[in-house]
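One structure below.
Just so it is clear, none of the values below were taken in a lab; they were calculated from the coordinates. Note that the coordinates shown come from a computational prediction; the quantities given were computed from them, not determined experimentally. For neighbour counting, all protein chains shown are included, and Cβ atoms are generated from backbone atoms with ideal geometry for every residue, glycine included.
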Amino acid sequence: MQYFKFIALGIVFGIVMVKAEIISWFRIFEMFSFQSFHMYGIIGSAVILGVIGTYLLKRSKAKSIYGDEIVFVPKNKSITRYLAGGIIFGLGWALVGACPGPIFVLLGAGYLPVLVILFGALIGTLLYGVTRSKLPH
Amino acid sequence: MDILFQPWSWYVAGPILALIMFALIFFGENFGMSNNLRTMCAIGGGDKLSDFFKINTKEQYWNLAFVLGSILGGFIAVQFMTGDTAIHLSEGTVATLEGYGFKNVGADYLPEEIFGMERLKSFTGILMLLGGGILVGFGTRYAGGCTSGHAISGLSNLQVPSLIAVIGFFIGGLIMVHLIMPFIF
């Protein structure tokens with residue numbers, strides 16, 4: 001079962017999202033109000049360890065479990081799409097208090113009104129796909 | 001065992017998220033949750049509307065498996081690992097929200113004032129959740145990633161585009177919380 005390890009990682013992810021209260025609308029509101037270190041500590045410590053680990057992986061030319069060399073693909077250079085897309089996402093993230101990961105975790109946790117957010121997110125994704133050629137990137 | 005039932009600190013959660021990212025890298029994949037929305041649109045027939053959804057969805061099954069896991073993880077954590085769901089928010093946050101008329105601030109993960117059944121029966125209540133979702137879906141695809149793809153994976157790889165995206169996340173979030181929400185609530 002090649003997908004089992006991804007399900008297992010997802011379970012760990014879901015548990016962390018709940019236990020560290022990242023799924024909470026209140027925590028996101030608090031973060032954007034600069035009234036708690038909690039969310040900054042989570043993202044900050046993940047990024048600091050991520051930077052160190054990514055550097056070490058690149059330097060050691062580490063291989064995946066399948067023996068392939070691990071490649072880090074640089075993201076395309078641009079400002080417009082990242083800034084505009086980022087602002088639009090940020091508006092939604094703060095309003096409903098959920099980014100894509102927590103949307104799924106909240107559903108598992110039994111908060112069914114979040115289905116409306118998921119439905120909206122799918123519509124938004126479709127809208128982007130349809131309008132993409134007309135948007136500045 | 002007691003620690004399982006207490007809320008986890010940032011210095012527990014952050015490193016675990018980094019470990020999840022590295023595990024996915026060792027499994028030959030990349031941490032990025034919002035890509036699943038694209039895959040779901042593709043599976044649902046979005047490829048008939050836009051070439052953007054003409055992708056080999058099979059290559060994304062691993063990520064859908066991760067989504068399935070995160071749903072299970074949410075269930076397990078709430079059912080078996082939670083003493084009470086009260087969030088210990090800062091006094092300032094509680095005061096601000098009480099000023100907006102919120103009751104039982106932090107009593108549960110989500111506020112009744114936005115996610116309660118009463119709100120779901122109203123047009124504005126549905127519109128808020130649906131509209132927020134549309135912004136999340138549209139914005140993440142436009143920016144090419146969300147908190148996991150840009151803020152964690154991208155910044156870890158010192159990607160300037162990801163830094164621009166994260167700055168965008170914050171501009172949007174700050175506008176919503178400080179300029180728009182005072183008018184909504």
So for the pair residue B:86, residue A:137, with labels modelled 7 Å out along Cα→Cβ, what separation do we get in nm? 5.0 nm
For segment B:113-185, which trypsin sites (Lys or Arg not before Pro) are in a loop by DSSP, counting at most 11 other Cβ atoms within 10 Å? B:121
Per residue of segment B:177-183, what does 6.51 cos²θ - 1.76 cosθ + 1.60 with θ = phi - 60° give for ³J(HN,Hα)? Whole Hz please, x for Gly and Pro, Karplus curve as stated. 6, 9, 10, 9, 4, x, 8
Ordered by fewest other Cβ atoms within 10 Å, a rough proxy for footprinting exposure, A:83, A:106, B:49 read B:49, A:83, A:106
Descending principal axes extents, chain B, alpha-carbon based, whole Å: 48, 44, 33
Could you put B:127, B:72 in order, starting from the residue whose Cβ has the fewest other Cβ atoms within 10 Å? B:127, B:72
Vicinal HN-Hα couplings computed from phi for segment A:9-23 (Karplus, 6.51 cos²θ - 1.76 cosθ + 1.60; Hz; Gly/Pro x): 5, x, 4, 4, 4, x, 5, 4, 4, 6, 5, 8, 6, 5, 6
For chain B, which DSSP H helices look membrane-span-like by this rule: Cα extent along the axis of 27 Å or more and mean Kyte-Doolittle of at least 0.5? B:61-80, B:123-143
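Need one number: convex hull volume per residue for segment B:1-109, Cα atoms only, in Å³.
Taking the convex hull of the Cα positions in segment B:1-109, it is 171 Å³ per residue.
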Sequence of A:24, B:9, A:36 once ranked by neighbouring C-beta atoms within 10 Å, starting from the fewest: B:9, A:36, A:24
Stokes-Einstein D (µm²/s) once Rh is taken as the Kirkwood radius of the protein assembly as shown over alpha-carbon pairs, at 4 °C in 1.567 mPa s: 66 µm²/s
Distance from the Cα centre of segment B:63-109 to that of segment A:19-92, in angstrom? 21 Å
